[in-house]
Amino acid sequence: MADAPIEIEFDNVSITLGATPVLRGLSLRVRRGETKVLLGESGAGKSVALKLAIGLLRPDQGRVIVLGEPVSTMPEAALYRLRRRIGIVFQESALFDSLTVRDNVAYRLDEEHAMDLEAIDARVRACLAAVELEEVMDKFPAELSGGMQRRVAIARALATEPEIMLFDSPTGGLDPITATNIMEQIIRLRDVNHVTSLLVTHRLQDAAMLAAYRWDAEHNALRPADGMSAHTSFLVLHDQHAVFDGSAAELHASTQPYVQHFLQI
Amino acid sequence: MLDSGQEETDLATAAPPRGEEEIQWGFIGWLKGQLEGLQAYSLLTGRTFRNVLARPFYGGDTMLQMDSLGVGSLPIVLMTGFFTGAVMALQLSATLAQYGQIQRTGQLVALSIVRELGPVLTGLMVAARNAAGMASELGSMVVTEQVDAMRALGTDPIKKLATPRLLATISMTFSLTIIADLCGLIGGYLYAILALRLDGRQYWYTAMQALGATDMAQGLLKPVVFGIIIATVACYFGMSARGGTRGVGRATTQAVVSASVLIILTDFLLSRVLIGFFGA
């Protein structure tokens, strides 16, 4: 893992929104195939970090480099091309409410005109099958539950087979069964597809699940990992900067007061 | 920490009275906000126009907007045009009768409808109906992160959302104005023959004789400018909506009010410039 190339890098990144400083001097690195979990309270700047990674926001200071491209300084037109290689799942799904599930998932493919209609439909079916939602193709987002919307958002992000996935609180506000189901999909992406991910959450149970489980591709099922997953690391945000960055074992052993407080909540 | 005497000295001599300072900074902050808003509006308008000739072209989205805006606005524009023409005939004929010139009713109805009332009232109707619709639709997309999702999926939201609305609004305001003008002339004609017992052929003859190329140019240039105002103002307020559903409501109101005021203001300025250019 330590030899894998770095795919997401934040170098001393600071950003202020309005008059409020949101992140100060944030540095992080995510290697190919790794899942980095950003932990912290609501308002700690986790979602802002994700938007910085995909270029929806630009830092006031510092550099963001994704897949070798300087996201923080690239023109918007170049960013549109880079974003083809990145998938993002927004906190509230952000599905296009006037489009059907099929059109939402196929959105990027339809825009590119690079595939014929049959190939696009096949890809949409495959993406929806991956999140076990093939039967809702012709429905509108408003006809789906919150959990189903979140899974459609994952399918939409997967449609272009991205090299990087960004998840913004993918289980926030969902019941435990649906949340577990979504975390299973994320673990499968990590262990089967080896997708590099940056996952934002304030739920410790999600972080624990990512660290303690692996996807058994042979039996297509979730299994306890032998020890802690080496493909998952953690970064804790507090007071606009990172107070911890390391593995699951290091997180548990951390003596940093805020980390201890956060783990005990 | 200051002792009470030190604090008293500072407040009395160095610092301006708190209320005055707040008013001063409040005004500067307001002015700064307005200038930033104007800058953002100008940038959005510039990018919307620049995208007209840039690939990909969203022809389907433009047609959809033209249908929603044009066909949807047709009934109110037909009614507004028709009754404006009729009421103009009613009001003007009373005045013209005092000078024994009632046969000139068609002439005055045609001039007032084609030069002023057709474009302005159509602009206001389109603004009321469609600026509100556009601002609320775009505002909802912004606050539910659909616009961010669009950017994340590699689509320029200005190209996909604003440019088709601009093209649709310009073309439909132009077309609707011609329809409103025609309805206004028909409204005036029906009032003239039914209520005033004027000769129909004379009505049309005086109306057509009165309209010159400069009147037509005024009447057809204005809806193009009004279309630009309606679309860009609605897209600007929609895309800068913040603060959930309340923010969307505020953006909608601001879009309608600003577009309406700008239409009336621009109508005056355009009329002044065009009369100066072409003559009255």
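Summarised in one figure, the compactness ratio Rg/Rh of segment B:58-278, Cα atoms and Kirkwood Rh, is 1.08. From least to most packed, judged by other beta carbons within 10 angstrom and beginning with the fewest, A:Val192, B:Val248 follow the order A:Val192, B:Val248. Cβ crowding within 10 Å ranks A:Ser27, B:Ser136, A:Ser197, B:Ser112 as A:Ser27, B:Ser112, B:Ser136, A:Ser197, fewest other Cβ atoms first.
For chain A, the relative contact order is 24 percent, taking Cα pairs closer than 8 Å that sit 6 or more residues apart in sequence and dividing their mean separation by the residue count.
Counting Cβ atoms of other protein chains within 10 Å of each Cβ in A:90-98 and taking the mean gives 5. The value of relative contact order for segment A:48-95, using C-alpha pairs under 8 Å at least six residues apart, is 27 percent. Hydrophobic, long helices, defined as DSSP H runs whose alpha-carbon span along the helix axis is 20 Å or greater and whose mean Kyte-Doolittle value is at least 0.0, occur in chain B at B:72-98, B:163-194, B:213-239, B:244-278. Within straight-line reach of B:Lys222, meaning a Cα separation under 12 Å, sit the following aspartates and glutamates at least 8 residues removed in sequence or on another chain: B:Glu116, B:Asp267.
Could you work out the per residue convex hull volume over the alpha carbons of segment A:140-265, in cubic angstrom?
Convex hull of Cα atoms, per residue: 132 Å³.
In this structure, the amide hydrogen of A:Ile88, modeled 1.01 Å from its nitrogen in the peptide plane, lies closer than 5 angstrom to those of A:Leu166, counting only residues at least 5 positions away or on a different chain. In a DSSP loop and with at most 10 other Cβ atoms within 10 Å, the trypsin sites (Lys or Arg not before Pro) in segment B:162-241 are B:Arg197. Bridgeable aspartates and glutamates around A:Lys46 (alpha carbons under 17 Å apart, same-chain partners fewer than 8 residues away excluded): A:Glu9, A:Asp11, A:Asp60, A:Glu92, A:Asp168, A:Asp206, A:Asp239, A:Asp245, B:Glu145, B:Asp148. Only helices at least 15 Å long along their own axis, judged from Cα atoms, and with Kyte-Doolittle mean hydropathy of -1.0 or greater: name those in chain A from DSSP H. Answer set is A:117-130, A:146-158, A:176-188.
When chain B is treated as a GNM with alpha-carbon contacts under 10 Å, the residue of B:Leu265, B:Leu108, B:Leu74 showing the greatest mean-square fluctuation is B:Leu265. Could you tell me which of rounded, prolate or oblate describes the protein assembly as shown, using a ≥ b ≥ c as the square roots of the eigenvalues of the alpha-carbon gyration tensor, with rounded for a/c under 1.5 and, failing that, prolate when a/b is larger than b/c and oblate otherwise? Verdict is prolate for the protein assembly as shown. Name the residues whose placed amide hydrogens come within less than 5 Å of the amide hydrogen of A:His241, ignoring near sequence neighbours (fewer than 5 apart) on the same chain. Amide H neighbours of A:His241, under 5 Å, 5+ apart: A:Arg24. Dipole of segment A:1-148 computed with +1 at Lys/Arg Cβ and -1 at Asp/Glu Cβ about the Cα centre; of A:Ser27, A:Pro5, A:Ala119, farthest Cα towards the positive end is A:Ser27.
Among the chymotrypsin sites (Phe, Trp or Tyr not before Pro) in segment B:70-146, those placed in a DSSP loop whose Cβ has at most 12 other Cβ atoms within 10 Å are B:Tyr99. Projecting the Cα atoms of B:Ser260, B:Gly26, B:Gln39 onto the charge dipole of chain B (Cβ charges, centred on the Cα centre) puts B:Ser260 farthest toward the positive pole.
So which of A:Lys51/B:Lys159; A:Lys36/B:Lys32; A:Lys51/B:Lys160 end up more than 30 Å apart by C-alpha? The partial results should precede the final answer.
Details: A:Lys51/B:Lys159 21 Å; A:Lys36/B:Lys32 41 Å; A:Lys51/B:Lys160 21 Å.
Pairs exceeding 30 Å: A:Lys36/B:Lys32.
Counting only Cβ charges, +1 for Lys and Arg and -1 for Asp and Glu, the dipole size of segment B:58-278 around its Cα centre is about 240 debye.
Give the average, rounded to an integer, of partner chain Cβ atoms located within 10 angstrom of each Cβ in A:51-58. Present the calculation step by step, with values, prior to reporting the outcome.
Numbers: counts 4, 0, 0, 3, 2, 6, 1, 0.
Other-chain Cβ atoms within 10 Å of each residue's Cβ, averaged: 2.
The equivalent ellipsoid that matches the C-alpha gyration tensor of segment B:181-280 spans semi-axes of 38, 19, 9 angstrom, in descending order.
Here, each number is a calculation from the coordinates, and none is a lab measurement. A quick note: this is a predicted structure, and the numbers were derived from the prediction, not measured. Ideal geometry is used to build each Cβ from the backbone, glycine not excepted, and the neighbour counts take in all protein chains shown.
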